[in-house]
1. Let me confirm something: among Pro337, Pro347, which residue is without any contact (Cβ under 8 Å) to a residue 12 or more places away in the chain and outside any helix (DSSP H, G or I)?
2. Do the conditions hold for Gly330, that is, is it at pLDDT below 90 and outside any helix (DSSP H, G or I)?
3. Being out of contact with any helix residue (DSSP H, G or I) (no Cβ under 6 Å at 6 or more places or on another chain), over 28 Å from Ile90 (Cβ atoms) and basic (Lys, Arg) is true for just one of Arg269, Arg291, Arg248, Arg319. Which residue is that?
4. Applying the selection to the range 261-299, what residues are aliphatic (A, V, I, L, M) and in contact with an Asp or Glu (Cβ under 8 Å, 6 or more places away or on another chain)?
5. Looking at Ile90, is it under 34 Å from the mean Cα position of the chain (by Cα) and closer than 30 Å to Phe254 by Cα?
6. Looking at Arg248, is it farther than 20 Å from Val107 by Cβ and not small (Gly, Ala, Ser)?
7. Could you please let me know if Ile256 is outside any helix (DSSP H, G or I), over 30 Å from Tyr128 (Cα atoms), in contact with a helix residue (DSSP H, G or I) (Cβ under 6 Å, 6 or more places away or on another chain) and β-branched (Val, Ile, Thr)?
8. For the range 185-233: of the residues being within 30 Å of Ile71 (Cα to Cα) and among the aliphatic types (A, V, I, L, M), which is nearest to the chain's Cα centre (by Cα)?
Amino acid sequence: MKFFPCMAVAALLLASSSAVTNAQTLPAYMAPISGKSAATVSDIATRDMLALNTGMFELYGNAAKIFQKNILDKHPVILALFSGAGGRMILHRPGMAPMDAPQVPIVYQLLKSVGHSTMALAQVVGPYVDNPDDKSWRGAMLAYRSRMQSALDGLDATPMEPGWRDNNRTILQNNLAFMDECVAKGVVPFAALEAFGKKQAPYLAKNVAWAAQTQVGHWMTVLADWKKQLGADWDKTYAASNTIYVARQNNVLFSILAQFFGPDAINSRLLLIETVSFTTTPADMLESLTRIIADRSVGSLFFGNYHLMDYELMGGDARVAIVAETGKRGMTPFLPPVVPFGSKQWPTLVTTGPGPASIADLK
């Protein structure tokens, strides 16, 4: 069996070579990797100090495993995760296996699928509007048309209320008519696309409303049951929901949770965690929740405030610095109002103002 020296051994040999007198010649096999170190005393000192920060993350990671176990041993935890199926909720109870809630009824996905199919057409033709010389959209259009026709053919067999089914039949028929018009003309006129959008809007709005009613009714029932099961432990339950930028405002799962947790729990035991993707794993959500709760104890230990670490630690001093720097440059500082640590404010936009704020307002 061959033995290959590790990189650490090679590095040690190189380090040791610096103590060898200049008169000594290194073996030829060391030539490709040998050389004198160019690091200054300042470089080494800086690197050693920066290593304290990088090493912190390893310590955080090791401690987080213990913290997470301690939290789950003492507190129920609800994870509400976004999914294309209307969300996923998991209940962690001390000493018990995690429990997944039943899924939202499948009709929710059917309503969204038909609605999304209409909006997808805008993506298919968008880059080719009023461009008769480019027919590259036809292949994708015809392929999608086949799927659209299959959906329409099977519509009556889907688990959907008759009135809802009629609305979706209209949406699918309008989709097919628009696709056939574009294929027949060999071009996608903007006027036709615009007319198609306006024609479909009222039918799409109905699908959105019905999907919301289905989703909200389901999760309200689940949480009412869980709250009853937990009894007095509900008052020490944590909950977290994930969101990306476009879904943070009026976030459905968070808003439903808020109805059961109440205003005093917002940003305390009920958290909205922003992410960069629609879906987040339960493990990642638990890790984020653990980090938030653990950091609160650290903030209390060093600064005497339990919610200090919920905020950008340098944010307050940076605010003062921004005011000073903008003053030097003859600028007027533009900053949000100062918010106290531990604010119970809804973690999304809350300032009222003119303009539409829902699909219904657009009518």
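1. Residue meeting the stated conditions: Pro337.
2. no
3. Just a single option satisfies the conditions, and that option is Arg319.
4. Ile292
5. yes
6. Answer is yes for this residue.
7. No: the conditions fail for Ile256.
8. Filtering the range 185-233 for residues that are within 30 Å of Ile71 (Cα to Cα) and among the aliphatic types (A, V, I, L, M), the one nearest to the chain's Cα centre (by Cα) comes out as Val216.
The values are calculated or read from the model by the stated rules, or taken from the named source; none is laboratory data. Remember, predicted model here, so these are calculated numbers, not experimental data. Cβ sites come from the backbone with ideal geometry, for glycine too, and all protein chains shown count toward neighbours.
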